[in-house]
1. Residue check, A:Gly34 against (1) open to solvent by 10 Å² or more (accessible area, probe 1.4 Å); (2) within 11 Å of ligand 1 (Cβ to nearest atom); (3) within 22 Å of A:Leu219 (Cβ to Cβ), all met but one. Which one?
2. If you check A:Asp13 against the conditions, is it exposed (fewer than 15 other Cβ atoms within 10 Å of the Cβ), more than 14 Å from chain B (Cβ to nearest Cβ) and out of contact with any Pro (no Cβ under 8 Å at 6 or more places or on another chain)?
3. Could you give me the residue pairs with C-beta distances under 9 Å whose first residue belongs to the range A:96-116 and is free of Cβ contacts under 8 Å to residues at least 60 places away in the same chain and assigned by TED's automatic domain parsing to the domain that holds A:Pro129, whose second residue is among the hydroxyl-bearing types (Ser, Thr, Tyr) and surrounded by 20 or more Cβ atoms within 10 Å (Cβ to Cβ) wherever it lies, and which are 6+ apart or on separate chains?
4. Does A:Gly146 qualify as being of a type in the set (Gly, Ala, Ser) and within 16 Å of ligand 2 (Cβ to nearest atom)?
5. Restricting to the range B:49-107, and then to whatever is assigned to a strand (DSSP E or B) and of a type in the set (D, E, K, R), can you tell me which residue is most open to solvent (accessible area, probe 1.4 Å)?
6. Residues being more than 8 Å from every other protein chain (Cβ to nearest Cβ) and open to solvent by 10 Å² or more (accessible area, probe 1.4 Å): count how many of those fall in the range B:181-209.
7. Working only within the range A:16-31, note down all residues that are buried (at least 17 other Cβ atoms within 10 Å of the Cβ) and away from ligand 1 (no atom under 16 Å from the Cβ).
Amino acid sequence: MIEVEQLRKQYGDFTAVHDVSFNARAGEIFGLLGPNGAGKTTTIGCISSLLAPTSGRIRVMGHDVVSDGVAARRSIGVVPQEIALYDDLSAHENLAYWGGAQGLRGSKLHDRIREVLELTGLVDRAKEPIKQFSGGMKRRLNFACGIVHEPKVLLLDEPTVGVDPQSRVRLLELVREQARAGTCVLYTTHYMEEAESLCDRLGIIDHGNLIAQGTLKELRSMLGERDVLRLTGAFHPDRVREALASVDGVEIIHADEALLSLAMSDASHRLPLIFGALNGAEVRGTTLTQPSLESLFIKLTGTDLRE
Amino acid sequence: MRFAWISAWKDLLRLRREPVTLLTWIAIPSFIAVVTTLVFGPGGAQPHGTLLIADNDHGIGATMLGNAFGQGSLGKMFTVEKTSAQEGRRKLDQGEASALLVIPAGFTASFVSSKPVAIQMVRNPAQRILPEIAEEALATMLDRASSMQAGAPLIQLEATVIPDKTEQPGGFAAILLPGALFMGVFFIAGALAADVWRERTSGALRRVATTPASLGAFLVGKLIASALVFSVIGAAGLLAAQRLMNLRVANFPAAVLWIAASGCGLYLAMMLLQSAASSERVATLLTNFVTLPLVMLGGGFFPFEWMPRPLASIGQWTPNGWCVMRLRAVLAGTLEPSAYGVMAALLAVAWLASIRNIRRFAC
Ligand SMILES: Nc1ncnc2c1ncn2[C@@H]1O[C@H](COP(=O)(O)OP(=O)(O)OP(=O)(O)O)[C@@H](O)[C@H]1O
Ligand SMILES: [Mg+2]
């Protein structure tokens, strides 16, 4: 359980996180989606009591992270954005160290190290210094060190950056497994597809503001469940606007000489109508996309997530 | 507290994997100490060597000259050995003596009749100090002798020795070694402290801060590991000096303890300094800026006795100089117990300051 209430974090005059509130429940993957510099890492830093909030309240498993930090940290596992490991130690030694830091010891520690090495597919390379690891292997170990003590709350800060598609699928599956086992997972990312496929609920964060949150379905409905139809070719924007004004329920998102973006519900059934109205225009390509986080993001922030 | 041991284990393991830095910093002071020892000879408390005299004169003048080297402070430094010129050259070539004095036939006769006469001295090029002393002494003797030629026939030769820097209680090793040892300790403290920058850059330090373990214990772990490193280096340095330089150690465990404690203090000081820097590069620069002058002033390259007096009195109050002076007292068995209390208090203050500092530094 993570409860964040009106969290604000300022660096001098600059506000990195601006009155953010959300809850994440046990067994749930809560995603924080936002572009570079949105305040994702800062939020995770405050939850893991690495950074002191300027104002607001955070509780983890009922423990206030400021007044009861040690108890809160006991239930937290963090997978930082950077590869926070000891390069000259082996995978096994890293796990032993970070497990030990979390209070694991003896045979319990030993068993858990073996388990997570197996989970992350690093058993064969467990004894060599990790400076010889590939980036993807280090990422997997970074993840393993965050879950070695079976935390009730798992904070993942862009854990798949720089990981090949295969390893990414595997890592995401590991995250799902954690949630299925009852862990409360907070997952930050700037990959739309990841957030869409992985998270039960999502918050969209930009410039330190949480601009929308809810399930994927709830967020989609904010777009009015409309599809986006993109037409490429040669157009006269003014003539197009005139022609489409007569078609009911079609909104022009964008129109220029080469590209036309239209939002409407049930687009596939209305294609003939659209083409009829555009009579005379030269259409070369058609793409139909269902409402996605990307379109939502553009709608909410006015910018593309991958600027 | 368990985490302190785990952290110490982690640091030692990492040091073992990358011993090169450490070895480099041990090598420099060892090299300087070895060179100094070679120059001064392994005689310990005083440089000591053999002066060969090839007497082709067999007269009274030559005998007196030979005797002069066998007396007083010169006598303590030189064993005078009579030999032939040829045999003397051979011994010198093999490094078995410091200098060879060849007294020509007819030396006494020439001396008495005030004729010019040349005495040949051959120096061992591999040694520096002793041959110098021998030559200087001989020159003085001949000066005196010449000035007396006209007057009284009975010549009392008197040797003036160049001021001997080794005539300190406890001897040469006791004044050279502590400074040299602390040069190594200082370098290593800086190198060990630099590791916090690596831990910060990798994010490991931040990760520690997100665990329930305390940063205080994390620092204690670092101190345990550092103390062990300094103990091993201190013990090895003392043992080597005992064997090679006849160093007297009044209380071996106390000396090792003092070195380890001082090392930890310097380590914490260097860590505070480095974590105040804005980047790793600045931290390295800052460390070098601070280390070299302090090592120099603190008796690392030359003992305080060899420094101009004002510099030496400043040097003895540098952090490492202060520790060096007290190590010398430990070696002589004269350190007041209160010094241990002062050291413990300094360590505690530095540790508390470091905890506050490392939390800020981590984020
Ligand atoms: N120590 C700091 N001092 C000043 N500003 C900071 C500090 N740390 C972060 N910021 C600023 O706070 C904002 C949020 O940063 P944060 O690292 O939380 O972003 P993020 O969402 O994690 O971005 P990314 O996807 O690039 O990791 C950024 O504008 C950043 O420059
Ligand atoms: Mg980030």
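The values are calculated or read from the model by the stated rules, or taken from the named source; none is laboratory data. All figures in this text were calculated on a predicted structure; none of them were measured in a lab. Positions of Cβ are backbone-derived with ideal geometry, glycine not excepted, and every protein chain shown enters the neighbour counts. Remember, those area values only see protein heavy atoms, side chains included, never the ligands or the DNA or RNA. Shrake-Rupley method; radii C 1.70, N 1.55, O 1.52, S 1.80 Å.
1. Failing condition for A:Gly34: (1).
2. yes
3. Going by the 9 Å Cβ cut-off, the qualifying pairs are A:Tyr97/A:Tyr86; A:Tyr97/B:Ser7; A:Trp98/B:Thr211; A:Gly100/B:Ser7; A:Ala101/B:Ser7; A:Ala101/B:Thr211; A:Gln102/B:Thr211; A:Gly103/B:Thr211.
4. Against the criterion (of a type in the set (Gly, Ala, Ser) and within 16 Å of ligand 2 (Cβ to nearest atom)), A:Gly146 qualifies.
5. Per the stated criteria, the residue is B:Lys82.
6. Counting residues in the range B:181-209 that are more than 8 Å from every other protein chain (Cβ to nearest Cβ) and open to solvent by 10 Å² or more (accessible area, probe 1.4 Å) gives 10.
7. A:Ala24, A:Glu28, A:Ile29
Table: residues versus (1) assigned by TED's automatic domain parsing to the domain that holds B:Leu177; (2) surrounded by fewer than 18 Cβ atoms within 10 Å (Cβ to Cβ); (3) on the phi < 0 side of the Ramachandran plot; (4) not charged (D, E, K, R).
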residue	(1), (2), (3), (4)
B:Leu286	yes, yes, yes, yes
B:Gly300	yes, no, yes, yes
B:Phe304	yes, no, yes, yes
B:Trp317	yes, yes, yes, yes
B:Gly333	yes, yes, no, yes
B:Ser338	yes, yes, yes, yes
B:Gly341	yes, yes, yes, yes
